[in-house]
Amino acid sequence: MRAVVVGAGVYGAAVGAALARRGAEVTVVDARAPGSGTSGTTFSWVNSRNKQPLIYHELNVAGMAAHQRLAAEVPLGEWYHGGGGIEWTSDEAALRAKVDALLALGYEAKWLTRAEALDLEPGLDPDRVPAGGAAYFPGEAWVDPARLIAHLLSSGVDVVADDAVAGLELNGDAVRSVRLESGRVLTADAVVNCAGPRADEVSAMAGLVLPMRNLPCVLVYTSPVAVPVSRVVHAPNVHLRPEPGDRILLHCSEVDQGGQEAVDRLVRDARSLYPAMRAATVESVRTGQRPIPGDGLPVLGRVAQVRNYFFAVSHSGVTLCLHAGELVADEVLGEDRDDALAAFRFERFEESR
Ligand SMILES: Cc1cc2nc3c(=O)[nH]c(=O)nc-3n(C[C@H](O)[C@H](O)[C@H](O)COP(=O)(O)OP(=O)(O)OC[C@H]3O[C@@H](n4cnc5c(N)ncnc54)[C@H](O)[C@@H]3O)c2cc1C
C-alpha cells in the first residue's frame, strides 16, 4: 500500500503516522513546511465543550481520549498540556445549565467556588472571578501542534516539503498517481486529502466539489512573561492559554473582525484579568483560516465516486486528528468494520445539491 497524504498539518501527520504504523508506505506532501498551515496558528484547545450534534460531540470526546492515550505513551513528548479548562460568563445560570447538560452526557465537568478557581489560577485578579464561582472541565487540555506534528512525522513517514500537489492522474474511478509542482510524480494506491482550508482545491483535482466556508480568525501572542496561566481560561471577552516559550496566547471573537483597536482591547482585558500580564507586550498578531466544510461538520473517510480517495478535513482538527486519523487509516487499509465515519461522509454534499 503506497499512500500519498496531501498536507502536513495535524490531520496529515496523524493520518500519515496511523498508516505507517500499520505497514503502509506513506508520503506526506506539503506545499510549504509541515505545520505551517492552520495547525501553526490555532488555539489548539482539546475539548468537546460546545460541540453539536451528539455524534460530533462523541467524536470530539473520542479525540480527547486519543490525545490522553498518546500523551501517556510518550510522556516526554511535551506537546500535551492537561489541566482542564475554566470558564465563567456574565450569565451564571446558562453556564450552570451547560455544566449539567455536559455531566448528563458523561463529560467531566464541575462547578468551582471562587476560592477553588483561584487555587487553580492564582494569578487571576480575585475581583474578576464572579462571587458565584466558575465552571471547570478537568479532562480538557491544550496542545503544542508543532511538537505533535514533529512527533507524528518522525515515525516512518516520508515527508516532501515545499512542493505542492498540482494534479492527480485518474484511471476510471481510481487515482493512479499524484503530480507535484516540481514535476515529480508519486504513484499512489491511496490519496488522503488533508489540505485543511485548501481541501476544496485538492478535491477538485479528483473531480469532487467540496464546499468550504473557511473563517479567518486572529490570535494574539504576547512576549515571554512571568504570569501563572496554567490552563485554558474562557472569561468574558478574553480566552487565553499558555503558549510555549513563556508566552500567553489570547483570543476573543471580537478580535477576529480585525483592527488594532480590538487587539488593544483584548490585551487590556487580559491584563486586568491577570495583573502580572502588564509586563507583557504583543509579540505577534497572526491570522489563521479555520477550515470549515460547508455544513460545519467534518468530512472524513472514503468517497464513493473515487474508490481510493479519502478525506480528513474539519474544524476542531487539533482535538479530532488522532482519533479521526485512525478511523480514516482504517478505511484506507480496508479495515473499517463498524462504519464509524458514516455521519461524516463527503456524499452528504452531493445529495444536498
Ligand atoms: C484561530 C484558530 C483557533 C482554533 N482553535 C482550535 C481549538 O481550540 N481546538 C481545535 O481542536 N481546533 C481549533 N482550530 C481548528 C484547527 O486548528 C484546525 O482544524 C486544524 O489545525 C486543521 O489542521 P489540518 O491539518 O486540516 O490543516 P492545516 O494545518 O492547514 O494543514 C493543511 C496543510 O496542507 C497544505 N496544502 C494545502 N494545499 C496543498 C497542496 N495542493 N499540496 C500540498 N500541500 C497542500 C498546507 O500547506 C498545510 O500545511 C482553530 C483554528 C484557528 C484558525
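The values are calculated or read from the model by the stated rules, or taken from the named source; none is laboratory data. A quick note: this is a predicted structure, and the numbers were derived from the prediction, not measured. Using ideal geometry, Cβ is built from the backbone for each residue, glycine included, and neighbour counts are taken over all protein chains shown. Heads up: the accessible areas ignore ligands, DNA and RNA and are worked out on the full protein's heavy atoms, side chains in. Shrake-Rupley method; radii C 1.70, N 1.55, O 1.52, S 1.80 Å.
In the range 67-80, the condition of being open to solvent by 50 Å² or more (accessible area, probe 1.4 Å), assigned by TED's automatic domain parsing to the domain that holds Y309, touching a strand residue (DSSP E or B) at 6+ places or on another chain (Cβ under 9 Å) and not in a strand (DSSP E or B) is met by no residue. Checking each residue in the range 124-183 for being crowded, with 16+ Cβ neighbours inside 10 Å and at pLDDT below 95 picks out no residue at all. Could you tell me whether the range 214-224 includes any residue that is buried (at least 21 other Cβ atoms within 10 Å of the Cβ) and either in a helix (DSSP H, G or I) or away from the ligand (no atom under 15 Å from the Cβ) (or both)? Yes, because at least one residue in the range 214-224 is buried (at least 21 other Cβ atoms within 10 Å of the Cβ) and either in a helix (DSSP H, G or I) or away from the ligand (no atom under 15 Å from the Cβ) (or both). The conditions of being part of a helix (DSSP H, G or I), surrounded by 16 or more Cβ atoms within 10 Å (Cβ to Cβ) and not assigned by TED's automatic domain parsing to the domain that holds P197 are met by L59.
Residues in the range 234-256 that are away from the ligand (no atom under 13 Å from the Cβ) and outside any loop (DSSP other than H, G, I, E, B) were compared, and the one that is nearest to G139 (Cα to Cα) is P242. Screening the range 277-309 for residues that are more than 13 Å from the ligand (Cβ to nearest atom) and surrounded by 20 or more Cβ atoms within 10 Å (Cβ to Cβ) and picking the one that is nearest to the chain's Cα centre (by Cα) gives G301.
Looking only at residues in the range 187-213 that are touching a Leu at 6+ places or on another chain (Cβ under 7 Å) and near the ligand (Cβ under 9 Å from one of its atoms), the one that is nearest to L249 (Cα to Cα) is A199.
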